[in-house]
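The values are calculated or read from the model by the stated rules, or taken from the named source; none is laboratory data. Predicted model only: the values in this text are computed from it and were never measured. Don't worry about glycine lacking a Cβ; one is built from the backbone with ideal geometry, like all the others, and counts go over all protein chains shown.
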Amino acid sequence: MTRGRFITLEGGEGVGKSTQIRALSAALAVQGVDVVTTREPGGSDGAEAIRALLMEGSDERWDARSEALLFAAARADHVARLIRPALARGAWVLCDRFVDSSRAYQGGGGGITDADLLMLHGFGSEGLLPDRTFLLTVSAGEAARRVSERGGSDRMGNKPADYQARLAARFAEMAEAEPERWRIIEADAPADRVTAAILSGLAEWLP
């Protein structure tokens, strides 16, 4: 059986990742693709338990190293129990965030080296990387409007402005460094146009 495709959506708060995961899932299903949608942190029972530790409480609850270890542990369970089995049966996995979020948040935002984060990922998740990663970008004003509409941010979204600026820069840096894997999508546009742009970035693998 042919291995499935692993697709991730990345970006800061309010860029529309959840909306696009739902739209992509529906569009791919119409084309006969077996689709699994998931998120990080989370996606498996163990990872969801760790998610509660990571996403709740004050900004000072964990330092960057503690966060990196918790995210890596959640991801290891997620990969072993959901992502790899789905890919093995030929399904496409659509994931809202993956290791690149750790590289941006705990790396660019928190100052942990990329080498250390990838070492944790190599051990915990055996280095699994997506086949394609879409970086959704929006203007600061639009992101703030969307976050406000949904009722505010969680603990990670409430990081200070300088942190948010560092992680945005890190996302852009990663995308530029790996153009074969990454596609940058301007997500200020209406949702259906964003979905169409993402589908265009997957066209090589579709019937």
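Restricting segment 91-120 to residues that are more than 19 Å from G14 (Cβ to Cβ) and either among the hydroxyl-bearing types (S, T, Y) or touching a Gly at 6+ places or on another chain (Cβ under 6 Å) (or both), the residue that is surrounded by the fewest Cβ atoms within 10 Å (Cβ to Cβ) is T113. Taken over segment 174-204, the criterion of being surrounded by 15 or more Cβ atoms within 10 Å (Cβ to Cβ), at pLDDT below 95 and either outside any loop (DSSP other than H, G, I, E, B) or touching a Leu at 6+ places or on another chain (Cβ under 8 Å) (or both) is satisfied by A187 alone. If the condition is being under 20 Å from G107 (Cα atoms), under 16 Å from the mean Cα position of the chain (by Cα) and assigned to a helix (DSSP H, G or I), then segment 26-51 contributes only R51. Cβ-Cβ contacts under 7 Å between residues 6 or more apart (or on different chains), taken from a first residue in segment 186-200 that is free of Cβ contacts under 8 Å to residues at least 60 places away in the same chain and farther than 11 Å from A23 by Cβ to a second residue that is surrounded by 14 or more Cβ atoms within 10 Å (Cβ to Cβ) and hydroxyl-bearing (S, T, Y), are listed as E186/T137. Look at (1) buried (at least 21 other Cβ atoms within 10 Å of the Cβ); (2) modelled with pLDDT of 95 or more and you find that D45 fails only one, number (1). Within segment 7-23, the set of residues being outside any loop (DSSP other than H, G, I, E, B) and either modelled with pLDDT under 95 or surrounded by fewer than 23 Cβ atoms within 10 Å (Cβ to Cβ) (or both) comprises K17, S18, T19, I21, R22, A23.
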